[in-house]
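Only the coordinates and a few stated rules stand behind these numbers; no lab work does. Bear in mind the structure is a predicted one, so any value in this text is a computation, not a measurement. For neighbour counting, all protein chains shown are included, and Cβ atoms are generated from backbone atoms with ideal geometry for every residue, glycine included.
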Amino acid sequence: MNAAEIASIEVIESTLSEHGSYRKVDESLYVIKQGSTYVMINVVPWAEERALVRCCAQLVRGVNMEGELAIDLLHLNSQLRFGAFAYEPNERVVLFLHSILGGATFDSDELLATLTDVAIIADEYDDQIIEFYGGQTMHDLLEDQALLNILDTDPTEFSFSKA
């Protein structure tokens, strides 16, 4: 891990600990929740001495990219001050993402502005995409999965263990 990545992680952890709940998934990946949206923050190396801070929200899963949806998302991209909608075809996921330069010049104000905009845009457009094109929000998918886990679990097979 280079110095820019380390500096970026320090800003992220300091900022998030002061401004709300987050979960550290691994040494350079964090998740926050805003409305029905989860925003992932990932610090990645860029060249030998730089870092990028990538903020990504998965808006809708299970949607097919068709002409009208593609045109709508491209039109929205032209209207936004930063960030862009994207599509991951293997999982059929609509994303919203924005990358900023990490390192010595990266600060908490820049992080908070980015996270706020990514979360607001994702939370605003996930329901609209579902209304017109189908799919499920990440929040709904996680709730469905939690319910399936509960329903698939046999409570008679549970036993306390002494560690």
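Report the gain in length on full extension from Ala104 to Lys24: 0.36 nm times residue separation, minus Cα-Cα distance, nm rounded to one decimal.
26.6 nm
Tabulate in residue order the Karplus-calculated ³J(HN,Hα) for the range 77-83, using 6.51 cos²θ - 1.76 cosθ + 1.60 with θ = phi - 60°, rounded to whole Hz; enter x for Gly and Pro.
4, 6, 9, 7, 6, 7, x
For a quick check: with amide H placed at 1.01 Å from N, whose amide H comes under 5 Å from Tyr22's, ignoring anything fewer than 5 positions away on the same chain?
Here nothing satisfies the definition.
Show the residues, 5+ positions off or on another chain, whose built amide H is closer than 5 Å to the amide H of Leu95.
Result for Leu95 returns Leu59, Ala86, Tyr87, Glu88.
If r is the Cβ-Cβ distance from Glu49 to Ser17 and R0 is 22 Å, what FRET efficiency results, to the nearest 0.05?
My answer for the efficiency is 0.25.
Return the sequence-ordered ³J(HN,Hα) values of the range 38-51 in whole Hz as given by the Karplus equation 6.51 cos²θ - 1.76 cosθ + 1.60 applied to θ = phi - 60°, using x for Gly and Pro.
10, 10, 9, 10, 10, 9, 10, x, 9, 6, 7, 10, 10, 8
Give me the one-decimal nm value for the distance between modelled label points at Ala3 and Phe82, 7 Å along each residue's Cα-to-Cβ direction.
2.4
Can you compute the modelled spin-label distance between Glu124 and Asn64, with each label point 7 Å from Cα toward Cβ, in nm?
2.9
Applying the Karplus parametrisation 6.51 cos²θ - 1.76 cosθ + 1.60 with θ = phi - 60° to the phi angles of the range 115-128, what ³J(HN,Hα) value in whole Hz is obtained for each residue in order, glycine and proline being reported as x?
These are the phi-based 3J(HN,Hα) values: 4, 4, 5, 4, 5, 5, 5, 4, 5, 6, 9, 4, 5, 5 Hz.
Mind listing the long-range amide H neighbours of Gln34? Cut-off is under 5 Å, sequence gap 5 or more, other chains count too, H placed in the peptide plane at 1.01 Å from N.
Amide H to amide H, under 5 Å and 5 or more residues apart or across chains, Gln34 pairs with Val39.
In a shell of Cβ-Cβ distance under 13 Å around Ser28, excluding Ser28 itself, what net charge do Lys and Arg (+1) and Asp and Glu (-1) give?
The answer is -3.
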